[in-house]
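Shown next, in structure tokens, is the structure this report addresses.
The values are calculated or read from the model by the stated rules, or taken from the named source; none is laboratory data. Just so you know, these numbers come straight off a predicted model, no measurement behind them. When we count neighbours, we look across all protein chains shown, and the Cβ atoms used for this are built from the backbone with ideal geometry, even at glycine.
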């Protein structure tokens with residue numbers, strides 16, 4: 001019963017959500033809205049579980065780990081407790097100069113800026129590996145990227161107009177065709193995976209065993 005009941009619930013909910021999409025009725029719209037609200041509630045309930053899992057693994061690392069792992073684990077715990085204590089007061093979210101605002105402006109925002117700034121180096125490295133001319137496709141990719149980058153450079157006429165028209169065609173025809181193919185592939189994959197879950201073939205959501 002521990003396996004049959006979750007599979008039955010998922011099957012019934014999946015069939016209902018599929019059927020309501022093809023029923024143009026107010027009751028069908030109510031089912032869709034109510035189901036989305038229920039998903040939000042489940043997400044809110046799952047948030048404490050995620051926090052508990054994070055803190056449990058972090059405490060385990062702090063007590064059983066060694067070296068830098070202990071330092072990072074303790075930093076995570078201290079930061080977590082500090083943000084909870086600083087955000088207890090309701091006005092701390094809006095009042096300037098509060099401990100919560102100070103933590104966001106001087107800790108969270110600089111850390112986010114640092115992480116995003118590191119993406120530039122990864123993008124440059126990926127572009128270097130992708131644009132190395134070794135095959136015909138790599139050469140085509142390099143030429144296309146060069147043409148598109150020329151769009152932001154002030155070129156003399158009529159080269160500027162020709163380049164703008166070429167870039168517009170590249171974005172509207174081959175680029176759009178590739179994007180549509182990717183979206184269709186993702187949609188088909190999502191449909192196939194959803195059907196596996198509804199039919200009980202995929203049971204990863206039930207946990208181990």
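Tell me, which residue of the range 149-163 that is within 23 Å of residue 127 (Cα to Cα) and in a helix (DSSP H, G or I) is nearest to the chain's Cα centre (by Cα)?
149
Take the range 148-159 and flag every residue that is surrounded by 13 or more Cβ atoms within 10 Å (Cβ to Cβ) and closer than 19 Å to residue 173 by Cα.
Within the range 148-159, 148, 150, 151 meet the criteria.
Give just the number: which of (1) surrounded by 11 or more Cβ atoms within 10 Å (Cβ to Cβ); (2) within 30 Å of residue 191 (Cα to Cα); (3) within 24 Å of the chain's Cα centre (by Cα) does residue 41 not satisfy?
So residue 41 meets the others, but not (1).
Looking only at the range 121-135, decide whether some residue is closer than 30 Å to residue 11 by Cβ, modelled with pLDDT under 85 and in contact with a helix residue (DSSP H, G or I) (Cβ under 7 Å, 6 or more places away or on another chain). Write out each step before concluding.
Of the residues in the range 121-135, the ones closer than 30 Å to residue 11 by Cβ are none.
Within the range 121-135, not a single residue is closer than 30 Å to residue 11 by Cβ, modelled with pLDDT under 85 and in contact with a helix residue (DSSP H, G or I) (Cβ under 7 Å, 6 or more places away or on another chain).
Of the numbered conditions (1) exposed (fewer than 10 other Cβ atoms within 10 Å of the Cβ); (2) over 29 Å from the mean Cα position of the chain (by Cα); (3) modelled with pLDDT of 85 or more, residue 48 fails exactly one; give the number of that condition.
(2)
Considering only the range 165-209, how many residues are touching a residue at least 12 places away in the same chain (Cβ under 8 Å) and either touching a strand residue (DSSP E or B) at 6+ places or on another chain (Cβ under 8 Å) or exposed (fewer than 10 other Cβ atoms within 10 Å of the Cβ) (or both)?
1
Here are 54, 81, 100: which of them is in contact with a helix residue (DSSP H, G or I) (Cβ under 7 Å, 6 or more places away or on another chain), part of a helix (DSSP H, G or I), surrounded by 10 or more Cβ atoms within 10 Å (Cβ to Cβ) and without any contact (Cβ under 8 Å) to a residue 60 or more places away in the chain?
The unique qualifying residue is 100.
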